[in-house]
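What follows is one structure encoded as structure tokens, with my remarks underneath.
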Amino acid sequence: MRRLLCWRVALTALGLLLAAGLIGGWLLLRSEAAARIVARKLEEQFGTPVQFDRLSVGVTGSSVSGLRVYERGADPTGDPFLAVGTADVDVSAIGVARGAGPSLVRLQDAHVL
């Protein structure tokens, strides 16, 4: 009886830790910190300042909406030279959490201004 109680307590504690880790990871990937990581990696990829409106992190890839790419050395408060409706990047949720950069960026609804 005592052994069964120990197993129940151990499994309950393990389940709570797993749930806390999943909730914490979910909150991290929806946070401003994740958006800054992705913005920094896109800036490294493009070599220019970038801004975007929304980040959506998925299991196999991520996407940003309202991407604006500015000229090198230009003020990000000015007009961008490239406006993109959606940019899909091949960085998964785990990659964003690790700070991995994209190797492929797919632009949709792109306009050179």
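Data for the structure
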{"quantity": "Residue within segment 58-81 that is more than 30 Å from LEU22 (Cβ to Cβ), among the hydrophobic types (A, V, I, L, M, F, W, C) and in contact with a Phe, Trp or Tyr (Cβ under 7 Å, 6 or more places away or on another chain) present", "calculated": "yes"}
{"quantity": "Those residues of segment 41-76 which are closer than 17 Å to SER103 by Cα and not hydrophobic (A, V, I, L, M, F, W, C), in sequence order", "calculated": "LYS41, GLU43, GLU44, GLN45, GLY47, THR48, GLY58, THR60, GLY61, SER62, SER63"}
{"quantity": "Restricting segment 36-50 to residues that are of a type in the set (A, V, I, L, M, F, W, C) and surrounded by fewer than 19 Cβ atoms within 10 Å (Cβ to Cβ), the residue that is modelled with the highest pLDDT", "calculated": "ALA39"}
{"quantity": "Any pair with Cβ under 7 angstrom, 6 or more apart, that starts in segment 85-101 at a residue that is under 14 Å from VAL59 (Cβ atoms) and ends at one that is open to solvent by 40 Å² or more (accessible area, probe 1.4 Å) and assigned to a strand (DSSP E or B)", "calculated": "ASP88/ARG106"}
{"quantity": "Single match in ASP79, ASP53, ASP75 (criterion: under 17 Å from the mean Cα position of the chain (by Cα) and among the acidic types (Asp, Glu))", "calculated": "ASP53"}
{"quantity": "Residues of segment 59-88 satisfying the condition of being of a type in the set (A, V, I, L, M) and modelled with pLDDT of 80 or more", "calculated": "VAL64, LEU67, VAL69, LEU82, ALA83, VAL84, ALA87"}
{"quantity": "Selection within segment 51-73 - open to solvent by 40 Å² or more (accessible area, probe 1.4 Å) and either hydroxyl-bearing (Ser, Thr, Tyr) or over 19 Å from ASP109 (Cβ atoms) (or both)", "calculated": "SER56, VAL59, THR60, GLU71, ARG72, GLY73"}
{"quantity": "Tally of residues being within 21 Å of HIS111 (Cα to Cα) and of a type in the set (Asp, Glu) across segment 31-50", "calculated": "2"}
{"quantity": "Verdict on ASP109 being more than 15 Å from LEU42 (Cα to Cα), at pLDDT below 90 and exposed (fewer than 13 other Cβ atoms within 10 Å of the Cβ)", "calculated": "no"}
{"quantity": "Residues of segment 74-91 satisfying the condition of being surrounded by 17 or more Cβ atoms within 10 Å (Cβ to Cβ) and over 16 Å from PRO49 (Cβ atoms)", "calculated": "THR86, ASP88, VAL89, VAL91"}
{"quantity": "Selection count where residues are under 15 Å from ASP90 (Cβ atoms) and touching a helix residue (DSSP H, G or I) at 6+ places or on another chain (Cβ under 7 Å), scope segment 48-63", "calculated": "5"}
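The values are calculated or read from the model by the stated rules, or taken from the named source; none is laboratory data. Since this is a predicted model, take the numbers as computed values, not measurements. Virtual Cβ from ideal backbone geometry, glycine too; neighbours counted across all protein chains shown. All accessible areas refer to the heavy atoms of the entire protein, side chains included, with ligands and DNA or RNA removed. Shrake-Rupley method; radii C 1.70, N 1.55, O 1.52, S 1.80 Å.
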